[in-house]
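First up is the structure itself, then whatever we jot down about it.
The values are calculated or read from the model by the stated rules, or taken from the named source; none is laboratory data. Small disclaimer: the values here were computed from a predicted structure and weren't measured. Here the Cβ positions follow ideal geometry from the backbone for every residue, glycine too, while neighbour counts run over all protein chains shown.
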Amino acid sequence: MKEEEAHSLVKHLGSVLAKAESRKGGVLAAMVGDSLATARRVLPASFTAKEIAEAEAFWGKGCDNYKARDYSEAAKWFRKAAELGHAISQRNLGWCYQCGLGLPRDFAEAEKWYRKAAEQGDTYYQYELGLFYESARDMPHDFVEAVKWYRKAADQGDFSAQYRLGECYATGRGVPQDYSEAVKWYLKAAEQGDADAQFLLGGCYCEGKGVPQNYAEAAMWYRKAAEQGYDEAQHIIGIFYRDGKGVAKDMVEAYKWVSLAAEQGNEEAEKGLSLLKPLMSAEQIQEGERRALPILKTM
């Protein structure tokens, strides 16, 4: 694979793994300098201090070469550490095989090394193995295996895996479609602050999927996602305030949330804002803008 093709693939896979990247450091971040504390976190219990130092030194050389875009050298050093049982290097070597970085592109080898990392029990690598089975480009997806590894991580409390497992139940990927199970896993992730899960949980309550329809509950979860900058949730909770759906009717709050979504380029919110303005006084609009400002500064 040519280098420019490999970089295009890395960019694609980076978007697929955006959840993991933004919340846990991600594959690429780990490649180029995840903390030694994280690298040390998953090593065979029998490792001596000398073996730990050796594995980390190999991993560090791999990261240095990856930064320099010498992928062949990077893969060589990741392999040395991976063969010692260094989980982050096992995962990184899998990534090199998946993307064809310094090695021939080989999904079987990628799976092998991702699995070795995941089998050490860390939820992060279990979650990523699930993503590999669910989302890897140019290979058949294995949703049953994805669910298996998401569940292993989800059962240990990993919110990203809980969210993905909920999605599998909601869409019937790898398991029979079951909105009650989807809600169960969305709730576990939502309670840990996952905005995607909060948004989808709000949708389940709004539509009565897997739970009795309850607009007040829907509003609560949409608002939690909205407060984290989730533009679709901001638009919906704004409409709820406009219509008094699950919350007391409040045009100022409606303007606040719809305007925040519009600021992020949400086209439906932009249209909604133009419809809200004629229904409001200049003072109400000004107050809505004032209330939006603190959240806008964090977005």
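Tabulated data
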read-out: The lone exception for Arg291 - which of (1) assigned to a helix (DSSP H, G or I); (2) within 27 Å of the chain's Cα centre (by Cα) it fails; value: (2)
read-out: Count of the stretch 117-143 residues which are among the acidic types (Asp, Glu) and closer than 19 Å to Asp155 by Cα; value: 4
read-out: Residues satisfying the stated conditions in the stretch 63-80, i.e. acidic (Asp, Glu) and part of a helix (DSSP H, G or I); value: Asp64, Glu73
read-out: Enumeration of residues in the stretch 71-92 that are farther than 14 Å from Glu109 by Cα and crowded, with 22+ Cβ neighbours inside 10 Å; value: Ala74, Trp77, Ala81, His86, Ala87, Ile88
read-out: Some residue of the stretch 95-116 being modelled with pLDDT of 95 or more and closer than 15 Å to Leu43 by Cβ; value: yes
read-out: Within the stretch 163-205, tally of residues that are more than 15 Å from the chain's Cα centre (by Cα), among the hydroxyl-bearing types (Ser, Thr, Tyr) and either at pLDDT below 95 or closer than 25 Å to Lys245 by Cα (or both); value: 3
read-out: Condition met for Gln120 (touching a Pro at 6+ places or on another chain (Cβ under 9 Å) and either farther than 20 Å from Val183 by Cα or not hydrophobic (A, V, I, L, M, F, W, C) (or both)); value: yes
read-out: Of all residues in the stretch 120-147 being among the acidic types (Asp, Glu) and touching a Leu at 6+ places or on another chain (Cβ under 9 Å), the one that is modelled with the lowest pLDDT; value: Asp138
read-out: Ala153 part of a helix (DSSP H, G or I), at pLDDT 95 or above and closer than 25 Å to Asn266 by Cβ; value: no
read-out: Filtered residues of the stretch 98-146 (kept if buried (at least 22 other Cβ atoms within 10 Å of the Cβ) and aliphatic (A, V, I, L, M)); value: Leu101, Ala110, Ala117, Ala118, Leu129, Leu131, Ala146
